[in-house]
Amino acid sequence: MDFVVIDLETANADLSSICQVGIASFEGGNMVDAWESFVNPQDYFSPINISIHGIDEFRVKDAPTWSEVFPQVVSRLEEKIVVSHTPFDRLALARACDRSDLAEFGCTWLDSARVVRRAWPQFSRSGYGLSNVAACFGIDYKAHDALEDARCAGLLLLRAVAETGLSPEQWLTRVTQPIHQPSEGHQQGNKRGGNPDGELFGEVLVFTGALTIPRGEAAGLAAAAGCRVDDGVTKHTTMLVVGDQDLRRLAGHDKSSKLRKAEQLIGEGQQIRIIGESDFKRIVSGTVAMEEPR
């Protein structure tokens, strides 16, 4: 029953731009330690990200950099079962370490979103975000605060352990096993249905901008990882992948119509994650083998 949960907030679409870290430690079924810190990402803040978590450059101007908080992070995570809700925080940590030339450390990752999807059938296909599941189970928490998100994910894992009888160690195996759902493998143009056993199943993804690989290939990688791939941004979209060369447009330059539509929907309260192509590739490479561009 011992594990640690980490959550990270970022300044912009580059997952290495960490601006807040929260870590909750659990032992014997209880949260025994909570630690959080703002982080100066030494990068620009996107208005969209600020609207989500409320953190801007003024709040972090005197905060430590990632290199400076990293020893605190390692001391809490090293050689532990480390929980993150979806793979994005796991990748953000790796990207920030790469960016700061920091050495890797050993731990065992467990995705609590994959736990939720297997523990409760009503969340197996969709609705497994922290806010929705917490509301269902009456867990009171403030979304998009790193420590609050970490605490909530930890409480959900404890509930899954209690209701299924599977320990965190056993969940490490269970999350790699099928959910036993029929495939949604339809294909039309660049549209794809997601592999129901993929790590990102339930995400509805749209591409925009110039990619380094053909759109059809990128759509195939996304679908194999679990995403449904659509052509346009709609009220169902949960993720927008922007070509790396177009990322600079997020800093205030010309933006694609899809990006403008996504920002509009985010402003209306829809949860859409905007990431770059490189981060997208690193996420799906943890689920499927990457192919060389044709």
### Query
Looking at (1) without any contact (Cβ under 8 Å) to a residue 24 or more places away in the chain; (2) surrounded by 15 or more Cβ atoms within 10 Å (Cβ to Cβ); (3) more than 17 Å from E163 (Cβ to Cβ), can you tell me which one V133 breaks?
(3)
### Message
Condition first: in the same structural domain as A11 (by TED's automatic domain parsing), part of a helix (DSSP H, G or I) and surrounded by 14 or more Cβ atoms within 10 Å (Cβ to Cβ). Can you find one or more residues in segment 217-225 that meet it?
### Response
no
### Query
Condition test on V242, is it at pLDDT 90 or above and touching a Ser or Thr at 6+ places or on another chain (Cβ under 6 Å)?
yes
### Query
Mind checking whether some residue in segment 25-36 is buried (at least 21 other Cβ atoms within 10 Å of the Cβ), more than 22 Å from D279 (Cβ to Cβ) and touching a residue at least 60 places away in the same chain (Cβ under 8 Å)?
yes
### Summary
Scanning segment 187-216 for residues that are of a type in the set (A, V, I, L, M, F, W, C) and surrounded by fewer than 23 Cβ atoms within 10 Å (Cβ to Cβ), the one nearest to R125 (Cα to Cα) turns out to be V204
### Message
Condition check: of a type in the set (S, T, Y), touching a helix residue (DSSP H, G or I) at 6+ places or on another chain (Cβ under 6 Å) and more than 20 Å from I275 (Cα to Cα). Does S112 satisfy that?
### Response
yes
### Message
Given the condition buried (at least 17 other Cβ atoms within 10 Å of the Cβ), more than 14 Å from the chain's Cα centre (by Cα), under 20 Å from F105 (Cα atoms) and in contact (Cβ under 8 Å) with a residue 40 or more places away in the chain, answer yes or no: does some residue in segment 54-72 qualify?
### Response
yes
### Query
So which residues in segment 264-294 are part of a helix (DSSP H, G or I) and either modelled with pLDDT under 90 or under 18 Å from T212 (Cα atoms) (or both), if there are any at all?
E277, S278, D279, F280, K281, R282, I283, V284
### Summary
In segment 113-131, residues that are over 18 Å from D7 (Cβ atoms) and either at pLDDT 90 or above or not charged (D, E, K, R) (or both) total 10
### Query
Does R151 satisfy the criteria of being of a type in the set (D, E, K, R) and over 26 Å from L205 (Cα atoms)?
yes
### Task
Residue by residue through segment 26-41, note down the ones that are at pLDDT below 95 and over 30 Å from G165 (Cβ atoms).
none
## Note on the structure
If we ask which residues in segment 15-35 are acidic (D, E) and in contact with an Asp or Glu (Cβ under 8 Å, 6 or more places away or on another chain), their number turns out to be 1
### Query
With respect to E9, is the statement that it is at pLDDT 95 or above, closer than 28 Å to V115 by Cα and among the charged types (D, E, K, R) true?
yes
### Query
Just wondering, is there one or more residues in segment 57-67 that are touching a Cys at 6+ places or on another chain (Cβ under 9 Å) and under 29 Å from R159 (Cβ atoms)?
no
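The values are calculated or read from the model by the stated rules, or taken from the named source; none is laboratory data. Model, not experiment: these values are computed from the prediction. Note: ideal-geometry Cβ built from the backbone for every residue, glycine included; neighbour counts use all protein chains shown.
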